[in-house]
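Engineer: Sending over a structure as structure tokens; questions will come in a sec.
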Amino acid sequence: MKLGLNAACAALLAVFVSVAAVGGEANPASIEGTVSKDPGGEPLKKAIIEMIGEAQDEPANYTATSEQDGHFKISGVRPGRYVVFVERTGFIAVDAHHHHQTEGVPISIEPGQQLKDVELRMQPAAVLTGRVTDEDGDPMPNVNVAVLHRNLAGHGSQLDLVGADRTNDIGEYRLSGLPPGRYFVSATPVLDFQSIATPSKDPAAQTKLQLAYVATYYPNTTDRSQASTVEMRPGEETPIDFSLVRTQTARLQGTVANLAPGAHTVVALHSSESSLVFNETDVGKDGKFELRDVAPGSYTLMAIEDAGQQPRIARQTINVNGANLDGIRLTPQPGATIRGQIRMAGRSNFDFSQLAAYLQPTDGNEEALNAAVHSGDAFHVKADGTFEWKNIPAGTYSIEAISSRHDEWIIQSALLDGREVSDSEFSVGGGTLSLTITMSPESAALEGAVVDEKSQAVAGAVVVAVPPARFRKWQSRYERVITDQRGHFRMRGVIPGEYSLFAWEALEGNAYLDPDFLKQYEARGTTVRLEKSSTKNVSLPVLPLPEDQP
């Protein structure tokens, strides 16, 4: 059947409007740019570019690979906010100030926008190589060489692991893919587990101090306070050799009391100065244990009893000052069970599978918690919001909650056996505790721009919301974002309260967690008070970074 002219035009127009509506609704944009080496600007091919959408529902993600000339282009991009990451083996992403960039590059895409000239920079990674020998110059195999950096949370006394490698049969090691920077480096011989597990029966050996190889820090010191940092530059191999010398060490002897029949029990010694396990041994059937070759220092001694059901843990801080320690007594105790319910204020129906709640140790108890709960699924929340967390060792904790798709929700209240603990740390001793967590959508939001002295927008600036002094040892109470290509930033899901805002043109890592670093800027912060369900817009002056940044 033929259509009349008017009907045909009407049909054609309807099709056109329909197509335009679909295209207008999506109105895809595009982004293109280059990946280059820093410094020098040489094009870098085969780099993988990833765009991760920040949308709450059905976020859009895109990927591309840089070409021979370093160019990349991604078409059909849905409008919204994204974080752009770039990866390539042997390189690390950096910002315009040559700092390691772990958070990616924030970018805002408008409908139909053709964003061009995006510059992504990559620096050749640093490499650490060397050799470990004994006092006679002979190679030492199986020595663990670790690269460590200072943990800036709290007082910054602990060292966290960045990378590690074992020496081969000729005492050589090689660590690659390291971000350039300043690090501590240690060499720790693998323990002789046979001698550790078999206590000496020689009475003379029971009393005298032993000579042994112990953890040694660059430049060849067993005293961590005397260690120096090593500067590792981009694309360069830094040679560090160690010559280990036997030193006087102590022996720790003791008993683990009240062992369950058939239980397998381990005593582990953790250094208070780093995240590494220093020493460990099995406990005999008579409950006795012995740890040898312990260098002077501060340690956490733990006994972990696993009888096939709930593990029991004992934890004790000890200081070794060059003398043997005898008569240590550890009595493992069962962990606590915390049962409870998460509720959403004003909502009777909620998908709790998108929510993760957990306990955060506030007393350096991470080793005990990890040993007790075994897996990351230990703090699982059921679909109906109920949970049962078992084997929680004695210690002090705070409560954290994360929602992957509802980031405006925050903890409104947390009642532990009827006591409010949402804004405080609390102690766990044992038994069964009841915890009720109420989440609220009444979080605050913070938006704005960072400008220089000429009121020009500053892209890539690091904006940090610093909480009041009483919350500053809780890293989760800080908020950190990076400005996009227009100098804009946005923080969502912020706990209402007072904050000091700082915007640095560049910032290496989380230096703001160091109280001494932050003290330099206290007077230059912008104070804001965020009310429930509010959005505050601010303009922040950019702060230069001092040359002596840690």
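Coordinate-derived values only; no laboratory data. Fair warning: this is a prediction, and the values are worked out from it, not measured in the lab. Reconstructed Cβ throughout: ideal geometry from the backbone, glycine too, with neighbour counts over all protein chains shown.
Engineer: Given 25 °C and 0.890 mPa s, compute D for the chain with the Stokes-Einstein relation, Rh being the Kirkwood radius over Cα pairs; round to the nearest whole µm²/s.
Structural biologist: Estimated via Stokes-Einstein, D reaches 90 µm²/s.
Engineer: Under a point-charge model restricted to the Cβ atoms of Lys and Arg (+1) and Asp and Glu (-1), what is the dipole moment magnitude of the stretch 29-124 relative to its Cα centre, in debye to the nearest 20? Don't skip to the end; give the middle numbers.
Structural biologist: On the way: 9 positive and 15 negative charges, 47 e Å.
That gives the stretch 29-124 a dipole magnitude of about 220 debye.
Engineer: Could I ask something else about it? At 1.002 mPa s and 20 °C, plugging the Kirkwood radius over alpha-carbon pairs of the stretch 79-159 into Stokes-Einstein gives what diffusion coefficient in µm²/s?
Structural biologist: In µm²/s, the coefficient is 125.
Engineer: How much net charge surrounds residue 282 when only the other residues with a Cβ under 13 Å from the Cβ of residue 282 are counted, with Lys and Arg +1 and Asp and Glu -1? Present the calculation step by step, with values, prior to reporting the outcome.
Structural biologist: Values: positive: 285, 288; negative: 280, 286, 290, 305, 306.
Within the 13 Å Cβ shell, the charges total -3.
Engineer: With the alpha-carbon atoms as the only input, what is the per residue convex hull volume for the stretch 335-440 in Å³?
Structural biologist: Considering the Cα atoms of the stretch 335-440, their hull volume per residue is 93 Å³.
Engineer: With the contact rule set at Cα under 8 Å and sequence spacing of 6 or more, what percent relative contact order holds for the stretch 444-541? Intermediate values should be presented prior to the final figure.
Structural biologist: Values: 198 pairs, mean separation 39.2, N = 98.
Normalised by residue count, the contact order of the stretch 444-541 is 40 percent.
Engineer: A further question on this structure: Over the stretch 29-124, calculate the relative contact order: mean separation of alpha carbon pairs under 8 Å at least 6 apart, over the residue count, as a percent.
Structural biologist: Relative contact order here is 38 percent.
Engineer: Picking from 266, 349, 28, whose Cα lies most toward the positive end of the charge dipole for the chain (charges on Cβ: Lys, Arg +1; Asp, Glu -1)?
Structural biologist: 349
Engineer: Grab the Cα-Cα distance for residue 326 and residue 119, subtract it from 0.36 nm times how many residues apart they are, and report the gain in nm with one decimal.
Structural biologist: The residue 326-residue 119 span can extend by a further 68.3 nm.
Engineer: Explain nothing, just the number: dipole magnitude of the stretch 335-440 about its Cα centre with +1 on each Lys and Arg Cβ and -1 on each Asp and Glu Cβ, in debye rounded to the nearest 20.
Structural biologist: Its charge dipole is roughly 380 debye.
Engineer: Per residue and in Å³, how big is the convex hull formed by the alpha-carbon atoms of the stretch 237-337? Don't skip to the answer; put the middle values down first.
Structural biologist: Values: hull volume 14.3 nm³, N = 101.
Spelled out: Cα convex hull of the stretch 237-337, divided by residues, is 142 Å³.
Engineer: In debye, nearest 20, what is the charge dipole magnitude of the chain about its Cα centre with +1 on Lys and Arg Cβ and -1 on Asp and Glu Cβ, if you could check?
Structural biologist: Computed about the Cα centre, the dipole is about 1120 debye.
Engineer: Which Cα, out of 392, 365, 380, lies furthest along the positive dipole direction of the stretch 335-440 (beta carbon charges, K/R +1, D/E -1)?
Structural biologist: Of the options given, the answer is 380.
Engineer: Moving on to the next point. No solvent, one uniform scatterer per C-alpha: report log10 I(q)/I(0) for the stretch 428-550 via the Debye equation at q = 0.20 1/Å, two decimals.
Structural biologist: -1.14
Engineer: Follow-up. With no solvent and one equal point scatterer per Cα, compute the Debye intensity ratio I(q)/I(0) for the stretch 127-333 at 0.08 Å⁻¹ and report its log10, rounded to two decimals.
Structural biologist: Once normalised to I(0) and log-transformed, intensities are -0.31.
Engineer: For the cross-link pairs 288/473; 454/519; 73/454, which exceed 28 Å when the distance is taken from alpha carbon to alpha carbon?
Structural biologist: Working: 288/473 38 Å; 454/519 26 Å; 73/454 33 Å.
Checking Cα-Cα distances, 288/473; 73/454 exceed 28 Å.
Engineer: Here's a follow-up. Among the aspartates and glutamates, which fall within straight-line cross-link reach of residue 382, defined as a Cα-Cα distance under 15 Å, with same-chain neighbours fewer than 8 residues apart omitted?
Structural biologist: 351
Engineer: If you don't mind, there's one more thing I want to ask. How far is helix 5-26 tilted off the main Cα axis of the chain, in degrees rounded to 10, range 0 to 90?
Structural biologist: Once rounded, one gets 30 degrees.
Engineer: Eigenvalues of the Cα gyration tensor times 5, then square-rooted: what semi-axes does that give for the stretch 29-124, in whole angstrom, largest first?
Structural biologist: On the way: eigenvalues 101, 39, 25 Å².
Equivalent-ellipsoid dimensions as semi-axes: 22, 14, 11 Å.
Engineer: Still on this structure, please answer the following. What aspartates and glutamates could a cross-link reach from residue 37, if we take a straight Cα to Cα line under 15 Å and drop same-chain neighbours fewer than 8 places away?
Structural biologist: Of all the aspartates and glutamates, those that pass the test against residue 37 - Cα under 15 Å, at least 8 places apart if same chain - are 67, 69, 87, 95, 119, 236.
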